[in-house]
């Protein structure tokens, strides 16, 4: 597909989503704002939307603030941030802290940025990734993924992991020999990874605290559609 055709298809898809409306009242205004921004062609890196206090390396961020490999992003109470770095997009909920490790291939505004590891120190983060291998690390688990959607909640003794679509290998840090390979199409196999579990760290979990509309929004910011939207039209079911 040539670039002009791809851009036209992307804008048509975003217009359809804006026309039908998506999701619950709590997140739909945020999602519609970001989708409208994407529909206008403003697919830019950096902070695309924020509510409350968002810090990058301890300094207060604002819309358009750039996020780079090596940065630490944190949110305060009642806060939320949406940002793009390279071919990846993130939604970080309140009282969260993540560290982004990777590399920048060159300098200047057109520098190629690649995130390789995301350390979730605290809180909740929804991510969509472009091609290439990524590692998401928490105090209880390591998740190795390739080009997928992933939601993580981190607590001291348990990590919640939902592979929204794609493939991943989830490893327990408390029990290094315990690993689980997961393949999902649509939130099929969420898990709790437990720190204290008598050698059985994986427990099936429900789908919580993230929605299809948020995944559609994040993928739209990097010019993509999630597989469930491609395969099922404009599916926007929320959980």
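The values are calculated or read from the model by the stated rules, or taken from the named source; none is laboratory data. Fair warning: this is a prediction, and the values are worked out from it, not measured in the lab. Heads up, the Cβs are rebuilt from the backbone with ideal geometry, glycines too, and the neighbour counts pull from every protein chain shown.
Answer yes or no as to whether residue 169 is farther than 17 Å from residue 137 by Cβ and surrounded by fewer than 21 Cβ atoms within 10 Å (Cβ to Cβ). Here the answer is no, as residue 169 does not meet what is asked.
No other residue among 55, 14, 44 is at pLDDT 95 or above and either farther than 28 Å from residue 135 by Cβ or outside any helix (DSSP H, G or I) (or both) apart from 55. Being in a helix (DSSP H, G or I), at pLDDT below 55, surrounded by 17 or more Cβ atoms within 10 Å (Cβ to Cβ) and out of contact with any strand residue (DSSP E or B) (no Cβ under 6 Å at 6 or more places or on another chain) is the requirement here; does residue 31 meet it? Considered against the rule, which asks whether it is in a helix (DSSP H, G or I), at pLDDT below 55, surrounded by 17 or more Cβ atoms within 10 Å (Cβ to Cβ) and out of contact with any strand residue (DSSP E or B) (no Cβ under 6 Å at 6 or more places or on another chain), residue 31 comes out as no. Does segment 210-218 include one or more residues that are surrounded by fewer than 17 Cβ atoms within 10 Å (Cβ to Cβ) and out of contact with any strand residue (DSSP E or B) (no Cβ under 6 Å at 6 or more places or on another chain)? The answer is no, given that none of the residues of segment 210-218 is surrounded by fewer than 17 Cβ atoms within 10 Å (Cβ to Cβ) and out of contact with any strand residue (DSSP E or B) (no Cβ under 6 Å at 6 or more places or on another chain). Here is a list of conditions, (1) within 22 Å of residue 90 (Cα to Cα); (2) touching a residue at least 24 places away in the same chain (Cβ under 8 Å), and residue 174 meets all of them except one; can you say which number that is? Answer for residue 174: the failing condition is (1).
Among the residues of segment 112-133, is any surrounded by 22 or more Cβ atoms within 10 Å (Cβ to Cβ), in contact with a strand residue (DSSP E or B) (Cβ under 7 Å, 6 or more places away or on another chain), part of a loop (DSSP other than H, G, I, E, B) and touching a residue at least 24 places away in the same chain (Cβ under 8 Å)? Yes, segment 112-133 has at least one match. Of all the criteria given as (1) in contact with a strand residue (DSSP E or B) (Cβ under 8 Å, 6 or more places away or on another chain); (2) surrounded by 17 or more Cβ atoms within 10 Å (Cβ to Cβ); (3) outside any strand (DSSP E or B), the one not satisfied by residue 160 is (3).
To keep it simple, each residue is scored yes or no on (1) modelled with pLDDT under 95; (2) part of a loop (DSSP other than H, G, I, E, B); (3) farther than 21 Å from residue 80 by Cβ; (4) in contact with a helix residue (DSSP H, G or I) (Cβ under 6 Å, 6 or more places away or on another chain).
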position	(1), (2), (3), (4)
149	no, no, no, yes
156	yes, yes, yes, no
188	no, yes, yes, no
213	yes, no, no, yes
224	yes, yes, yes, no
233	yes, yes, yes, no
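Residues that are part of a strand (DSSP E or B) and closer than 14 Å to residue 97 by Cβ were ranked within segment 60-82; the one that is nearest to the chain's Cα centre (by Cα) is 81.
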